[in-house]
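Colleague: If you scroll down you'll find the structure; I have some questions about it.
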Amino acid sequence: MDYAAAIDTALGRLHEEGRYRVFIDIERHCGEFPRARWRRPDGTTRDIVVWCGNDYLGMGQHPSVLAAMHAALDAGGAGSGGTRNISGTTVWHRALEAELADLHGKEAALLFTSAYVANDATLSTLPRLLPGLIIYSDALNHASMIEGIRRNGGARRIFRHNDVAHLRELMAADDPAAPKLVAFESVYSMDGDFAPLGPLCDAAAEFGALTYLDEVHAVGMYGPRGGGVAERDGLQGRIDLVNGTLAKAFGVMGGYVAASARMVDAIRSYAPGFIFTTSLPPAVAAGAAASVRHLKGDQARRELQQARARALKLRLRGLGLPFIDHGSHIVPVHVGDPVHCKLVSDRLLEDHGIYVQPINYPTVPRGTERLRFTPSPVHDGPMIEALVRALDGLWSRCALNRAQACA
């Protein structure tokens, strides 16, 4: 086999379809986010405003987070020194897990290197703990959940997105005695829509199923202490396992699951993705703990973020631009073509110093390509106005609705 030719063919398909992904080099400067500096391939630079980051609340530059990381770095050094079972469990990891368990009203929490790993490791391990388990998964669940469910070797059912009636049909068709788990997200990141958590919990209870909630795009963002949509809706007690991230609203890195002490102990003891992975650096754990602790009492930051999102939506609506609004903090603007999506992204960057990555297949279905904006508390009024004016000019210039390219 000509391996090089096969690889070239695979890459060529991405280029032909207009969905080849290009990284851009960004220099972030503490205290200036969302402003940053873009370093072009030719070595020249340009000041930009980042509009597609997942540091939803700007906590990646918060003084209390940075102070905690510096202190832990000075005290404990760079790395953790091993897996949690060997030498990688430190006072900083324990403190963070205690903060997370408290955040979600659970007995315990377990840290992973990312929320992707936490989902994959947990969902692939549960059938070993619960023989015969059937997992019912929302059709739009994140790739990490899908991968974990696929790899677990157990039975799985896919219910239509947010369709509780379909979920009930699927559960009613299975053995009533079989162990069951319903897996869903609270905020779906590509459309920014919410799951009907109450009805999903009702359906799970009716059929004796456990509930597994991915709150990745909601932790820190919703609820009086930032516990997510389940906390906002008063449903934390009805969620058996919750997955979250430390890399979005909390502004650092890592993922976790929170549940009963018995469940967490079993996952800790059986999940290869936990057992065989070096733990987070102490400085990262310390910074994340400081961020979680701070956001439990900073409702004003959450409210300001929501105000910024509403302001952006109001201006987009006034111009008639095709954005999706489900009431969350995520603002997707529909383009519907990968080539045009990339063109608009490139023009925003080159001509206006606005950075937003195109979102193409397989992240979203073909024909639903979009630009996904994530306004934060530090995206001020002039930044919003500059973005809206740039989008308005590009929409007219590119005539996207008539499938014409940018001039």
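Colleague: Looking at the calculated P(r) for segment 137-276, what percent of the C-alpha pair distances fall above 28 Å? Provide the component values of the computation, followed by the final result.
Modeller: Working: 1394 of 9730 pairs.
Counting every Cα pair in segment 137-276, those more than 28 Å apart make up 14 percent.
Colleague: To continue, here is another question. Per the helix-only calculation at 222 nm, which mean residue ellipticity applies to the chain, given -39500 (n - 2.57) for every DSSP H run of n ≥ 4 and division by its residues, nearest 500 deg cm²/dmol? Don't skip to the end; give the middle numbers.
Modeller: On the way: 14 runs with 172 residues, N = 407.
Computed ellipticity for the chain at 222 nm equals -13000 deg cm²/dmol.
Colleague: Label points 7 Å out from Cα along the Cβ direction at residue 366 and residue 314: separation in nm?
Modeller: Result: 4.1 nm between the two label points.
Colleague: Next question. Run through the DSSP bridge list for the chain and note the antiparallel percent, rounded to the nearest 5.
Modeller: Values: 28 of 47 bridges.
Of those bridges, close to 60 percent are antiparallel.
Colleague: Also, I was wondering about something else. With each label point set 7 Å from Cα along the Cα-Cβ vector, what nm distance links residue 66 and residue 102?
Modeller: Here the answer is 2.5 nm between the modelled labels.
Colleague: Could you work out the relative contact order of segment 100-197? I mean the mean sequence separation of Cα pairs under 8 Å and 6+ apart, divided by the number of residues, in percent. Intermediate results must be reported in sequence, preceding the final value.
Modeller: On the way: 121 pairs, mean separation 25.5, N = 98.
After rounding, I find 26 percent.
Colleague: Next question. Semi-axes of segment 99-182's equivalent ellipsoid from the Cα gyration tensor, sqrt of 5 times each eigenvalue, largest first, rounded to whole Å? Don't jump to the answer; show the numbers that get you there.
Modeller: Numbers: eigenvalues 109, 43, 40 Å².
Rounded to whole Å, the semi-axes are 23, 15, 14.
Colleague: Sticking with this one: Restricting the count to DSSP beta bridges whose residues both fall in segment 133-212, what percent are antiparallel, rounded to a multiple of 5? Could you put the intermediate results ahead of the total?
Modeller: Details: 2 of 14 bridges.
Roughly 15 percent of the beta bridges in segment 133-212 run antiparallel, per DSSP.
Colleague: Then there's this: Three principal axis extents, largest first, for the C-alpha atoms of segment 237-389, in Å?
Modeller: Projected onto the principal axes, the Cα atoms of segment 237-389 cover 53, 37, 33 Å.
Colleague: If I stretch the segment between residue 54 and residue 397 completely, what's the gain in nm (0.36 nm per residue apart, minus their alpha carbon distance), one decimal? Please report the intermediate quantities before stating the final value.
Modeller: Numbers: separation 343, 0.36 × 343 = 123.48 nm, distance 2.92 nm.
Full-extension gain reported as 120.6 nm.
Colleague: What lysines sit close enough to residue 248 to cross-link, taking a C-alpha to C-alpha distance under 23 Å and skipping anything fewer than 8 places away on the same chain?
Modeller: 106, 296, 313
Colleague: Then there's this: About the Cα centre of segment 122-207, what is the dipole size in debye to 20, counting +1 per Lys and Arg Cβ and -1 per Asp and Glu Cβ, all else neutral?
Modeller: Details: 8 positive and 11 negative charges, 85 e Å.
Roughly 400 debye for segment 122-207.
Colleague: Provide Rg and Dmax in Å for segment 305-362, with only Cα atoms included in the calculation.
Modeller: Taking only Cα atoms of segment 305-362, I get Rg and Dmax of 12.2, 32 Å.
Colleague: Based on the Cβ-Cβ distance of residue 8 and residue 143, what FRET efficiency does E = 1/(1 + (r/R0)^6) give at R0 = 30 Å, to the nearest 0.05?
Modeller: That pair, residue 8 with residue 143, gives E of 0.70.
Colleague: Can you find, among 121, 88, 105, the residue farthest towards the positive end of the dipole of segment 84-124? Put +1 on the C-beta of Lys and Arg, -1 on that of Asp and Glu.
Modeller: It is 88, whose Cα lies furthest towards the positive end.
Colleague: Here's a follow-up. How much net charge surrounds residue 313 when only other residues with a Cβ under 15 Å from its Cβ are counted (Lys, Arg +1; Asp, Glu -1)? List each step's numbers first, then the result.
Modeller: On the way: positive: 308, 310, 315, 317, 370, 372; negative: 191, 193, 325, 385, 392.
Around residue 313, the charge tally is +1.
Colleague: Mind grabbing the accessible area of residue 313 for me, 1.4 Å probe, Å², rounded to tens?
Modeller: Per-residue accessible area (residue 313): approximately 10 Å².
Colleague: So if I restrict to the alpha-carbon atoms in segment 57-207, what is the Rg, and what is Dmax, the biggest pairwise distance, in Å?
Modeller: 18.8, 58
Colleague: Right, something else. Under the √(5λ) rule applied to the eigenvalues of the Cα gyration tensor, what semi-axes describe the equivalent ellipsoid of the chain? Give them in Å, descending. Could you put the intermediate results ahead of the total?
Modeller: Numbers: eigenvalues 239, 144, 99 Å².
Its equivalent ellipsoid spans semi-axes of 35, 27, 22 Å.
Colleague: Follow-up question, since we're still on this one. Kindly work out what percent of the DSSP beta bridges joining two residues of segment 169-294 are antiparallel, to the nearest 5.
Modeller: Details: 6 of 14 bridges.
Roughly 45 percent of the beta bridges in segment 169-294 run antiparallel, per DSSP.
Colleague: I would also like to ask the following. What full-extension length gain, to one decimal in nm, is calculated for residue 300 and residue 129 as 0.36 nm per residue of separation minus the Cα-Cα distance? Could the numbers behind the result be given before it?
Modeller: Values: separation 171, 0.36 × 171 = 61.56 nm, distance 4.17 nm.
Once the chain is fully extended between residue 300 and residue 129, it gains 57.4 nm.
The values are calculated or read from the model by the stated rules, or taken from the named source; none is laboratory data. Everything numeric here is computed off the predicted structure, so don't read it as measured data. Heads up, the Cβs are rebuilt from the backbone with ideal geometry, glycines too, and the neighbour counts pull from every protein chain shown. Areas reflect the complete protein model, heavy atoms only, side chains present, ligands, DNA and RNA absent. Shrake-Rupley method; radii C 1.70, N 1.55, O 1.52, S 1.80 Å.
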